[in-house]
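Taking it in order: structure first as structure tokens, then the write-up.
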Amino acid sequence: MQIIDTDIVVVGGGGAGLRAAIAAAERDPALKISLVSKVVPMRSHTVAAEGGSAGVVREDDSLDHHFDDTVSGGDWLCDQDAVEYFVAHCTEEMTQLEHWGCPWSRKADGHVNVRFFGGMKVQRTWFAADKSGFHMLHTLFQTSIKYPSIHRYDEFFCADLIVEEARVQGVLAIEIATGEFFLFRAKAVVLCTGGAGRIYRQNTNAGIVTGDGMGIALRHGVPLRDMEFIQWHPTALAGTGVLITEGCRGEGGILVNKDGYRYLQDYGLGPPDPWPRVKAMELGPRDRLSQAFWHEERKGRTVHTPLGNVVHLDLRHLGAAKLHERLPLIMEVARTFAGVDPVTAPIPVRPAVHYTMGGILCNVRTETPLPGLYAAGECSSVGIHGANRLGSNSLAEIVVFGKVAGDHAARYARDARPVDGDAVRRQGESAKAALVAHLRREHGERVSAIRNEMMDAMEQGVGIFRTAGGMQAACDTLARLRDRYRRGVKLDDRNEAFNTEWLTAIELGFMLEVAEVIAHSARLRTESRGAHTWLDQFQARDDEAFLKHTVALRGGDGPPRIHYEPVTITKSPPKARVYGGEGKKAVLT
Amino acid sequence: MATRKPYIRSMDGWWRRDPFFVRYMIREASSFFVAAYALVLLWGLWALERGHNAYDAWLEALRHPLMVLFHLVALAFVSYHAYTWWKVAPKTMPTVRLGGREISQAQISAGGWAAWAVASVAVLVLVGWGTR
Amino acid sequence: MAETKFIEIEVFRYNPETGLEPRFQTYKVPFTDDMSVLQGLQYIKDELDGSLTFRWSCRMAICGSCGKMVNGIPHLSCKTFLRDYYPNKVRVEPLTHFPVERDLCIDQSDFLRKLESVKPYVIPREERSLAQGEYVQTPAQMQEYYQYSQCINCLLCYAACPQYGLNKSFTGPAALALLHRYNADSRDGGREQRMELVNAEEGVWGCTYVGYCSQVCPKQVDPAHAINQNKSASALDYFMRFVMPRGGE
């Protein structure tokens with residue numbers, strides 16, 4: 001086992017991880033920063049984000065508006081102190097990215113343009129055509145090259161944390177190409193490992209989004225918070241789940257069912273005209289749109305296709321010129337993967353799992369309860385999304401809190417006690433033994449068999465609409481799957497070098513634990529709020545009993561242990577969450 | 001623990017692997033014929049400078065069947081060279097924009113081929129007029 | 001009920017632990033018209049042979065992970081569809097001109113070094129504080145470089161470039177296109193600093209305009225254009241250095 005002594009380990013090379021590494025490097029160039037990522041950074045899933053990133057710029061906008069939109073979007077489950085910090089720092093981060101070269105789309109006068117997004121009252125979504133995540137990620141990656149104190153370990157799979165004396169003292173990683181174990185001894189660790197959408201079958205996520213950091217944190221007694229809140233993006237392609245950005249609707253796109261009817265007006269988001277109109281119809285929040293689809297499907301008003309039932313996202317009225325300028329990726333994606341030209345035909349879409357609102361519990365300084373451990377980005381629950389995330393708040397989150405994490409990790413690492421080298425090495429050895437055991441097993445199930453059953457259980461039991469029976473069934477299935485996994489998976493691949501089947505087995509372990517947290521958290525929240533909605537009972541929001549965060553801890557050999565913690569309310573006491581209604585036609589920019 | 005042992009594939013016969021590369025090699029080979037024809041012309045100039053007899057001898061040499069064959073082959077390759085030259089030309093210059101509208105690479109190539117056609121016709125006319 | 005169609009996928013296998021010569025292995029994969037080559041490979045790994053090793057991630061042609069040779073031509077396997085080859089066999093190999101680590105996975109480290117060598121970041125022409133807001137850049141100014149910023153680093157262009165195949169010191173299409181992207185960005189003032197690399201034999205002069213790179217590029221970045229339009233600039237710069245040498249250079 002190779003040992004690397006370093007100051008800070010950043011796990012994950014996506015938007016949050018790169019921003020954290022850069023922030024730490026700027027805070028203190030003398031610190032050694034090890035950026036450990038299981039893929040080369042530009043492959044991170046940030047790259048697939050399309051629509052844009054929020055930041056208040058317009059005269060008719062304000063931090064209060066952004067705050068209000070976010071808190072009501074989150075159905076008042078947001079920690080408002082975190083939201084206040086967040087909205088106050090978005091624009092500065094967007095400007096920083098621009099200074100680093102990010103090609104934000106411009107108005108004719110050369111200033112950055114902003115567009116409407118779901119659930120937002122005013123245009124504030126900065127966008128780089130419809131490849132905002134791609135451009136942000138490449139800008140961050142290329143900028144990170146400037147800093148000699150950032151040492152990258154590309155294609156190193158972080159498999160465990162090392163925790164000694166109740167603080168983090170390092171990580172254990174596998175160099176994928178060789179299978180060799182690397183023990184990073186560090187004073188601070190920043191987890192930027194992304195979400196866990198691959199737990200579900202239909203999702204917009206890349207193959208790498210398997211909740212690794214969440215699983216690792218959970219195993220070391222760090223709580224996961226608000227995991228029941230899973231976002232279904234309303235417009236993804238059937239079958240693959242490839243994302244069709246909300247930006248389409250921000251540019252005026254509409255959703256119609258098989259009768260050509262704009263069905264969202266039946267679900268409290270109307271009236272349909274004038275269109276476009278903020279926070280109404282197709283510019284409503286994602287949870288409401290996905291729920292509307294579910295109802296339409298139940299009523300038989302969706303279009304049947306071999307890959308699943310869909311509705312139609314109609315962009316034809318935007319015209320070819322605008323489509324090519326603002327939505328070039330969507331044009332390509334629709335043609336390539338759906339065989340449809342958006343200039344002449346609507347795009348067939350349906351909801352797919354997209355984002356994990358919950359995650360590793362941390363405060364507004366990205367500190368988790370475990371000293372030395374920080375979390376930023378989708379893997380974290382810093383409290384800004386609450387029960388439902390607004391589009392374009394996530395790309396903003398990764399840089400705002402990526403910077404915070406890097407800053408704080410650097411300050412902590414500078415002053416922390418040195419790492420206990422021997423104790424860390426011993427822990428590393430025993431962690432390694434457990435991981436290597438997968439390779440040696442002679443009997444067991446295929447990884448894909450257990451994984452498929454997990455994905456189906458989640459789709460059926462913890463979907464867009466939930467029932468007591470369904471969620472209980474999911475919990476039971478997941479407990480059985482957890483046992484089957486513990487009894488062993490058998491790999492076809494016995495190599496140490498470049499054994500990606502082994503890595504999928506390790507990822508499956510994380511996914512099963514995170515899935516169980518999601519299912520149990522959902523089962524116990526007997527109210528409907530944001531993206532967590534009951535079908536047949538508990539259909540209203542219950543602020544008396546549940547204006548609280550769900551906090552889950554690992555239950556050892558049993559199910560996770562759940563308790564509740566208060567939500568921080570500052571400026572905005574809970575109100576009714578209302579979209580639609582009358583209003584003026586919005587002027588698209 | 002395992003060590004890395006990357007496998008390096010040979011580049012032998014690389015240009016035969018893909019029709020694109022074969023066409024590339026033909027294009028590159030065409031410059032040999034451009035050079036060869038230039039030498040033939042230089043030879044003619046040198047003969048011209050040495051006087052009538054030398055020049056007539058040169059013209060006689062050109063009428064040899066093998067020389068005629070060479071000229072036909074050279075004409076084919078030089079034409080291919082000119083065609084591909086204009087195909088490549090737009091890549092060697094920055095994107096041209098006139099009044100905000102982009103002149104596409106296809107348009108630049110088309111302009112080049114048109115100029116080549118016009119120049120060729122002009123030369124033929126001149127030669128025809130000169131030798132009447 | 002339609003009968004299941006099968007397609008044969010022939011895959012390059014190489015295991016660094018055995019060190020044996022590479023071989024091809026053929027699998028029979030059930031497929032539907034919407035399936036990509038990547039989905040075929042995933043079926044093999046999940047159901048038939050878990051040892052088949054390949055890179056993939058986003059499945060929507062934006063992450064650049066899944067480049068492979070499909071019937072001898074560089075493709076992104078996530079957007080190459082089995083129906084276009086059926087009923088013939090599909091041969092999948094790792095991208096050419098790179099060392100093979102295992103099966104369909106190449107060693108990308110040389111490319112990453114090249115990428116880092118071109119100073120691929122804004123070296124500001126003029127300083128500006130965050131409080132002053134964004135640099136002003138008109139849509140016309142953005143057009144000068146935007147196309148070259150579309151590169152997803154998928155390495156298909158390196159697989160297509162025989163100069164890179166023959167000479168590993170050549171910086172290569174994607175890295176040079178990225179260099180041009182920054183030179184052409186109105187906010188950047190680093191052209192001078194990048195000139196040395198541009199002028200070098202392994203810079204733009206290593207390119208003989210084969211042009212295959214621009215043809216295979218899935219994002220129409222046109223690296224051939226990025227490189228070749230810099231040759232005249234490079235020649236001029238070289239000439240000017242000769243005529244007016246800079247002190248201390």
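One table, with the values for the structure above:
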quantity: Calculated diffusion of the range A:329-487, Stokes-Einstein form, Kirkwood radius summed over Cα pairs, 4 °C and 1.567 mPa s, µm²/s; calculated: 63 µm²/s
quantity: Local electrostatic count, A:Tyr153, Cβ distance below 11 Å [Lys/Arg +1, Asp/Glu -1]; calculated: -1
quantity: Using alpha-carbon coordinates, inclination of helix A:328-338 to the longest axis of chain A, degrees; calculated: 80 degrees
quantity: A:Asp212, A:Asp273 arranged by Cβ crowding within 10 Å, fewest neighbours leading; calculated: A:Asp273, A:Asp212
quantity: Estimated FRET transfer efficiency when R0 is 25 angstrom, pair B:Trp129-B:Tyr37 (beta carbons, to 0.05); calculated: 0.65
quantity: Within the protein assembly as shown, percent of DSSP bridges classed antiparallel, to nearest 5; calculated: 70 percent
quantity: DSSP-defined antiparallel bridges as percent of all bridges, chain C, nearest 5; calculated: 85 percent
quantity: Within 10 Å of each Cβ in C:43-52, the average number of Cβ atoms from other chains; calculated: 5
quantity: By average C-beta atoms within 10 angstrom, highest first, the peptides A:307-319, A:112-124, A:479-491; calculated: A:112-124, A:307-319, A:479-491
quantity: Residue-count net charge about A:Phe181 - beta-carbon cut-off 12 Å; Lys, Arg +1, Asp, Glu -1; calculated: -3
quantity: Where only C-alpha atoms are counted, convex hull volume of chain B per residue in Å³; calculated: 223 Å³
quantity: Alpha-carbon centroids, the range C:132-184 and the range C:46-84: separation in whole Å; calculated: 23 Å
quantity: Alpha carbon centroid spacing (whole Å) that separates the range A:311-372 from the range A:459-501; calculated: 27 Å
quantity: Percent RCO, i.e. relative contact order, over the range A:235-352, from Cα pairs under 8 Å lying at least 6 residues apart; calculated: 33 percent
quantity: Euclidean distance of C-alpha centroids, the range B:89-120 and the range A:107-153, integer Å; calculated: 35 Å
quantity: Spatial extent of the range A:54-208: Rg and Dmax, with the Cα atoms as the point set, Å; calculated: 19.6, 58
quantity: Percentage, to the nearest whole number, of Cα pairs in the range A:487-589 over 17 Å apart; calculated: 70 percent
quantity: Approximate shape of the range A:438-548 as ellipsoid semi-axes (Cα gyration tensor, √5λ), whole Å, largest first; calculated: 35, 12, 10
quantity: Sorted largest first, extent of chain A alpha carbons per principal axis (Å); calculated: 68, 53, 49
quantity: Spacing of the two label points (7 Å from each Cα toward its C-beta) at A:His304 and A:His220, in nm; calculated: 5.2 nm
quantity: Violating pairs (Cα-Cα greater than 28 angstrom) within the set A:Lys187/A:Lys432; A:Lys146/B:Lys91; A:Lys258/C:Lys5; A:Lys279/A:Lys322; A:Lys38/C:Lys114; A:Lys279/A:Lys571; calculated: A:Lys146/B:Lys91; A:Lys258/C:Lys5
quantity: Other protein chain Cβ atoms within 10 Å, averaged over every residue that makes up A:143-152; calculated: 2
quantity: Bins of 10 Å, starting at 0 and running to the largest distance - Cα pair percent for the range A:235-352; calculated: 15, 50, 32, 3
quantity: Within the range C:147-223, GluC sites (Glu not before Pro) in DSSP loop having at most 12 other beta-carbon neighbours inside 10 Å; calculated: C:Glu201
quantity: Positive minus negative residues near C:Lys28 (Lys, Arg vs Asp, Glu; Cβ under 12 Å); calculated: -2
quantity: Overall dimensions of chain C by Cα: Rg and Dmax, Å; calculated: 21.5, 80
quantity: Reciprocal of mean inverse Cα separation for the range C:109-243 (Kirkwood radius, Å); calculated: 15.4 Å
quantity: Ranked by how many other beta carbons lie within 10 Å on average, peptides A:448-454, A:546-552, A:320-326, A:437-443 from highest; calculated: A:546-552, A:448-454, A:320-326, A:437-443
quantity: Length-normalised contact order for chain A - Cα pairs under 8 Å, 6+ apart - percent; calculated: 23 percent
quantity: Ranking of A:Leu161, B:Leu72 by count of other Cβ atoms within 10 Å, fewest first; calculated: B:Leu72, A:Leu161
quantity: Fewest-first ranking of C:Leu178, A:Leu524, A:Leu18, using other Cβ atoms within 10 Å as the exposure measure; calculated: A:Leu524, C:Leu178, A:Leu18
quantity: Neighbouring partner chain Cβ atoms per residue of C:137-144, average, 10 Å criterion; calculated: 5
quantity: Ordering of A:128-141, A:388-401 by packing [mean C-beta count within 10 Å, highest first]; calculated: A:388-401, A:128-141
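Each value in this text was obtained by applying a stated rule to the coordinates, not by laboratory testing. None of these values were measured; they are calculated from a predicted model. Because the Cβ atoms are built from the backbone with ideal geometry, glycine has one as well, and the counts that use them run over all protein chains shown.
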